[in-house]
Amino acid sequence: MTQAQIQLVSTIADTEAMSAFFMQVWADGPEVVPFDLALAAQHVGGYSAIAKLDGQIVGASFGFQGAHDSIPGQRILHSHVTAATMPGVGFAIKQHQRQWAIENDLDAITWTFDPLVRRNAVFNFEKLGAVGIEYLPNFYGTMTDTINAGDESDRLFTYWSLREEPISAQATSAQAILVELPEDIESLRKTNLTEALEWRARVREVLDPALADGYRVTGILERHSLVLEKVEE
């Protein structure tokens, strides 16, 4: 359990500090959450939280309320960005976020993430029990920040229900599809961008049509292969 203290952002100073923290994590890229955007979103019911340890920010999350066609009738908190710089803080922030969303009578939390990053897939599917419901090719355009430079920004739109028990599926169906992920896509981008882009294309080729056809990403098998299962109508 983390020793960091998580709190909602409620002052201009903390909003500025949150924006600066995101810029520190995604160095050399565009501004992740502009200060004025964060203020405006907070004013109309958005979610902004920071985790502090010894007075220093070690994690933060920013999101806003909305809806999505794939989950009609549900009010969601879309978690636009979450980051942490020490172990355990990311999970604690997601639990804080979940409790906030429940208290605000929302139905689910959604977010996007790069499906090639194994540790994020393990966190989202194995630890949280979320589900991947939509594939978004090159969602943010070609990336320029230090972490993602040169790669296309394919993202997996991820759904975390607040009304149901978390999903825990590991290729239980005969129809299940397994999609292998690279061991470390972030290192591969730096050492062999061509191979990294080939991985991107291979994973996209399977995930994009499968999710459009009613499959969902329900887990990660042995921490290296995404599990896709057909949704029963």
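The values are calculated or read from the model by the stated rules, or taken from the named source; none is laboratory data. Just so it is clear, the structure is predicted and the values come from calculations on it, not from any experiment. Here the Cβ is made from the backbone with ideal geometry for all residues, glycine too, and neighbour counts use every protein chain on show.
Things worth noting here:
- Selection within region 8-46 - among the β-branched types (Val, Ile, Thr), surrounded by 12 or more Cβ atoms within 10 Å (Cβ to Cβ) and not in a helix (DSSP H, G or I): Val9, Val32, Val33
- Flag for Gln65 being in the same structural domain as Ala4 (by TED's automatic domain parsing), without any contact (Cβ under 8 Å) to a residue 12 or more places away in the chain and among the polar types (S, T, N, Q): no
- Residues located in region 196-224, provided they are over 22 Å from Phe139 (Cα atoms) and in contact with a strand residue (DSSP E or B) (Cβ under 7 Å, 6 or more places away or on another chain): Gly219, Ile220, Leu221, His224
- Residues of region 74-91 that turn out to be out of contact with any His (no Cβ under 7 Å at 6 or more places or on another chain) and under 22 Å from Thr218 (Cα atoms), as a count: 10
Here's the yes/no breakdown for (1) closer than 30 Å to Gly214 by Cβ; (2) among the hydrophobic types (A, V, I, L, M, F, W, C):
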position	(1), (2)
Thr11	no, no
Val25	no, yes
Ile57	no, yes
Gln65	yes, no
His68	yes, no
Gln74	yes, no
His78	yes, no
Ala84	no, yes
Ile93	no, yes
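- Criterion: under 21 Å from Arg204 (Cβ atoms), buried (at least 17 other Cβ atoms within 10 Å of the Cβ) and either in contact with a helix residue (DSSP H, G or I) (Cβ under 9 Å, 6 or more places away or on another chain) or modelled with pLDDT of 95 or more (or both) - qualifying residue of Ala101, Ala121, Ala108: Ala121
- Counting only residues that are among the polar types (S, T, N, Q), within 15 Å of Leu221 (Cβ to Cβ) and surrounded by fewer than 19 Cβ atoms within 10 Å (Cβ to Cβ), region 124-144 holds 0 of them.
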